[in-house]
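Single-structure report; data block below.
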Amino acid sequence: MLAIKSVAGPSSYVTGGFTVTFGEFEKVTKAVAFCDRSQILEADDTVYGLRVSVSGNIVTIIVRTASTVGAGPNAWSQLAATTDLSARTFTVIAEVE
């Protein structure tokens, strides 16, 4: 069965990501996440990517960034701690048992 959950991003991002919890008696087997804002490429030429991990009924979302400024490719790194993501909504689509 598929379950969908949307949550506001944290007002102060924590290194290691933030969590989305599904039903107490559900087990998430697979999950994907996306941010519903169309700002994939910010005004400062920064792009964002999401990584998810699953444990029981909890999906952890890690936000990663890379700048497209400069001559060469830039490495992806986790978003800086305390970054405010509260203006963004994250949606998780999960396969649950």
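Bear in mind these aren't lab numbers, they're just calculated from the coordinates by the rules spelled out. Predicted, not measured: the structure shown is a model, and the values here were computed from it. Don't worry about glycine lacking a Cβ; one is built from the backbone with ideal geometry, like all the others, and counts go over all protein chains shown.
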Quiz item: Under the Karplus relation 6.51 cos²θ - 1.76 cosθ + 1.60, θ = phi - 60°, what is the ordered set of whole-Hz ³J(HN,Hα) values for segment 5-22, x standing for Gly and Pro?
Solution: 9, 10, 9, 6, x, x, 6, 9, 4, 10, 3, x, x, 10, 10, 10, 9, 8
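By how many nm would the segment from Thr21 to Ser6 grow when fully extended, if each residue of separation counts as 0.36 nm and the alpha-carbon distance is taken off?
Numbers: separation 15, 0.36 × 15 = 5.40 nm, distance 1.05 nm.
Contour length minus the Cα-Cα distance gives 4.3 nm.
Of the listed peptides 59-65, 14-20, what is their order by residue-averaged count of other C-beta atoms within 10 Å, with the highest listed first?
Values: 59-65: 19.1, 14-20: 15.0.
In descending order of packing, they fall as 59-65, 14-20.
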